[in-house]
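The values are calculated or read from the model by the stated rules, or taken from the named source; none is laboratory data. Since the model is a prediction, treat every value here as computed from it, not as a measurement. Reconstructed Cβ throughout: ideal geometry from the backbone, glycine too, with neighbour counts over all protein chains shown.
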Amino acid sequence: MLSESTAGYDQGEKFDHYATLPSLEAYVLVDSRRANVVLNTRAGDGWLRRVYGAPDTLRIDAIDVELVVAELYEGWAELV
């Protein structure tokens, strides 16, 4: 979960470190302040970044799973 205090680190230096791992295929960031999920997936020599909101469904092929963003935030009505 992204928090206000760690968001910059999680999206910057931490991601840069993880991105060097050849086995890492996806890096997901779930915002704790609003219904917002960022999916970074390996694409050739770089990374593809996609942003999803409450009505969206995202698919993480690396682990064969689909997530409905609104369901991730169930019980947090003020965020959706």
Within the stretch 5-46, considering residues that are of a type in the set (A, V, I, L, M) and over 19 Å from ALA62 (Cβ atoms), the one surrounded by the fewest Cβ atoms within 10 Å (Cβ to Cβ): ALA7
Filter result for LEU29 (part of a strand (DSSP E or B), in contact (Cβ under 8 Å) with a residue 12 or more places away in the chain and touching a helix residue (DSSP H, G or I) at 6+ places or on another chain (Cβ under 9 Å)): yes
Answer residue from the stretch 41-76, given it is part of a strand (DSSP E or B) and among the aromatic types (Phe, Trp, Tyr) and is nearest to THR20 (Cα to Cα) among those: TRP47
Criterion violated by GLY46 - all others in (1) at pLDDT 95 or above; (2) more than 12 Å from the chain's Cα centre (by Cα) satisfied: (1)
